[in-house]
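Data first, discussion second: the structure below is written as structure tokens.
Every number here is computed from the coordinates shown, using simple stated rules; none is lab data. Since the structure is predicted, the reported quantities are computational estimates derived from the model, not experimental observations. Quick reminder, even Gly has a Cβ in these numbers, built from the backbone with ideal geometry, and neighbours come from all protein chains shown.
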């Protein structure tokens with residue numbers, strides 16, 4: 001049986017670095033790196049993300065996340081690990097945070113062991129449709145981390 005895999009790029013492309021998840025998915029497509037997995041631009045899906053994820057065996061979510069690190073810092077972790085790390089902190093930059101979505105998914109019985117998050121610390125969040133230079137320069141590395149997570 002073939003494992004069904006999904007990469008979701010999250011964020012608002014009109015708020016500079018907040019759109020890095022969507023920009024990462026665009027980068028994967030433009031480089032011809034999307035082969036044995038589906039990619040979607042999740043933008044700010046919120047709780048609809050749970051419905052989108054349920055048909056897949058492995059899911060990687062890409063997002064700008066406030067980890068309190070230097071801009072451009074990249075980290076990856078499991079959904080359960082995310083819940084332990086952040087506690088009450090919002091973490092994601094959207095109205096319904098990634099944490100909110102994962103907590104609801106856990107309460108509804110979704111398999112969180114299949115979900116990985118790849119996050120990058122933003123430099124600039126504000127009106128504008130371009131990534132900051134710092135984050136843009138990390139886009140290739142971010143995409144590499146996503147590929148590593150979806151294949152592992």
With the calculation restricted to Cα positions, what are the radius of gyration and Dmax of segment 7-81 in angstrom?
-> 12.6, 35
Placing each pseudo-label 7 Å from Cα in the direction of the beta carbon, residue 141 and residue 29 end up separated by a distance in nanometres of 2.6
Please identify, among 65, 99, 22, the residue showing maximal mean-square fluctuation in a Gaussian network model of the chain using a 10 angstrom Cα cutoff.
-> 99
Reported label for calculated semi-axes √(5λ) of the Cα gyration tensor in Å given [x] 25, 17, 16; [y] 32, 22, 14; [z] 22, 19, 13 = [z]
How far is it, in nm, from the label point at residue 48 to the one at residue 73 when both lie 7 Å from their Cα along the line to the Cβ?
-> 3.3
Taking only Cα atoms and a 10 Å spring cutoff, compute GNM fluctuations for the chain and point out the largest among 142, 61, 108.
-> 108
Under 20 Å by backbone N from the virtual spin label 7 Å along Cα-to-Cβ at residue 107, the residues of segment 48-64 are 48-54
